[in-house]
C-alpha cells in the first residue's frame, strides 16, 4: 500500500535512523587474486603504461574522457591529475600473482548525505579483462561501498553506445534504469548515458553470487567457470 501524508499525497517509504555516510578513503583492499590500492604515479605509472600497451589499438579509450595515450609523459601527466583527485577517487588494480598494476577504476559522484556513489573510469588493460582478477576487483570495491561504508545505492553509467560496458554492468548485477538523452558532451560528441544501479536491498544476493563465483570449486582445471554470475544470482532466487 502506498503511504500518504496529511495532504493525501503519495510519499516514499521512511528511512529510519539514517545518517550521512563517510567518504571513501585512500585505502588498500586485499583480495585473493588482487588488491586495490590508491592510484600512485610513482609506483603504478610504468606498469599501467606497459599493461595498456598490450592492446592492439586505442579502442579501449573510445568511451573514456581521456586517451588514448601513445607517449609515456602524457600518460604520466594524466595519472598525476587523476591521483590528486578526490572525486573521482582513483584506485589501481594490482595482480597478486606478479605484483603488477594492470588497470584502474574509480569511485565518483560521491554523495555521502544520500548514500549514493558511482563506479566509473574503469580502465582495464588486456592483462586484466575477462579474468578472475577483474571480477574480484569489482567485487572488492563494491563490498567496501556497501558493507564497510554503508551506502544505499551504487551506480554504473556509460555511453549508451558502449555495448561492452553495458554488458559488464548486467553481468555484475547492476539493473538497467534508463537512458538520459544528451547527458554529456565529450571528445567533441554527444553522449546519451545509460544508467544502471545496485541498491542495498539487492546487495546480499549479489554478494553471495560473487563469493560463489570466485570460489576455487567454481573453476575447472583449465580455469573455466562452471557457473556464471548470472546463473548463481538466479539460483539464489529459488
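Hey, does the stretch 35-43 have a residue that's within 24 Å of residue 76 (Cβ to Cβ), assigned to a loop (DSSP other than H, G, I, E, B) and free of Cβ contacts under 8 Å to residues at least 12 places away in the same chain? Checked the stretch 35-43: no residue is within 24 Å of residue 76 (Cβ to Cβ), assigned to a loop (DSSP other than H, G, I, E, B) and free of Cβ contacts under 8 Å to residues at least 12 places away in the same chain. Checking every residue in the stretch 195-207 against the condition of being in contact with a helix residue (DSSP H, G or I) (Cβ under 6 Å, 6 or more places away or on another chain) and closer than 20 Å to residue 64 by Cα gives at least one match. When each of 77, 57 is tested for being outside any loop (DSSP other than H, G, I, E, B) and either surrounded by fewer than 21 Cβ atoms within 10 Å (Cβ to Cβ) or touching a helix residue (DSSP H, G or I) at 6+ places or on another chain (Cβ under 9 Å) (or both), the lone residue that passes is 77.
The rows are residues; the columns are (1) free of Cβ contacts under 8 Å to residues at least 24 places away in the same chain; (2) part of a loop (DSSP other than H, G, I, E, B); (3) farther than 29 Å from residue 101 by Cα; (4) over 14 Å from the mean Cα position of the chain (by Cα).
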site	(1), (2), (3), (4)
145	no, no, no, no
166	no, no, no, no
178	yes, no, yes, yes
198	no, no, no, no
201	yes, yes, yes, yes
212	yes, no, no, yes
221	yes, yes, no, yes
227	yes, yes, no, yes
230	no, no, no, yes
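Looking at the stretch 38-61, is at least one residue closer than 28 Å to residue 150 by Cα, within 17 Å of the chain's Cα centre (by Cα) and modelled with pLDDT of 95 or more? Yes, the stretch 38-61 contains a residue that is closer than 28 Å to residue 150 by Cα, within 17 Å of the chain's Cα centre (by Cα) and modelled with pLDDT of 95 or more. Give the residue that is farthest from residue 54 (Cα to Cα), with candidates limited to residues of the stretch 95-115 that are part of a loop (DSSP other than H, G, I, E, B) and either in contact with a strand residue (DSSP E or B) (Cβ under 9 Å, 6 or more places away or on another chain) or without any contact (Cβ under 8 Å) to a residue 24 or more places away in the chain (or both). So, considering only residues that are part of a loop (DSSP other than H, G, I, E, B) and either in contact with a strand residue (DSSP E or B) (Cβ under 9 Å, 6 or more places away or on another chain) or without any contact (Cβ under 8 Å) to a residue 24 or more places away in the chain (or both), the one farthest from residue 54 (Cα to Cα) is 114.
Rundown of residues vs (1) touching a strand residue (DSSP E or B) at 6+ places or on another chain (Cβ under 8 Å); (2) surrounded by 15 or more Cβ atoms within 10 Å (Cβ to Cβ); (3) within 20 Å of residue 107 (Cβ to Cβ), yes/no style:
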{"site": "21", "(1), (2), (3)": "no, yes, yes"}
{"site": "26", "(1), (2), (3)": "yes, no, yes"}
{"site": "36", "(1), (2), (3)": "yes, yes, yes"}
{"site": "41", "(1), (2), (3)": "no, yes, yes"}
{"site": "44", "(1), (2), (3)": "yes, yes, yes"}
{"site": "64", "(1), (2), (3)": "yes, yes, yes"}
{"site": "82", "(1), (2), (3)": "yes, yes, yes"}
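Inspection of the stretch 4-13 finds no residue satisfying the criterion of being surrounded by 12 or more Cβ atoms within 10 Å (Cβ to Cβ), out of contact with any helix residue (DSSP H, G or I) (no Cβ under 6 Å at 6 or more places or on another chain) and free of Cβ contacts under 8 Å to residues at least 24 places away in the same chain. Is it the case that the stretch 89-97 has a residue that's over 25 Å from residue 112 (Cα atoms) and loosely packed, with under 14 Cβ neighbours inside 10 Å? Yes.
The values are calculated or read from the model by the stated rules, or taken from the named source; none is laboratory data. Note that this is a predicted model, so its numbers are computed, not measured. For neighbour counting, all protein chains shown are included, and Cβ atoms are generated from backbone atoms with ideal geometry for every residue, glycine included.
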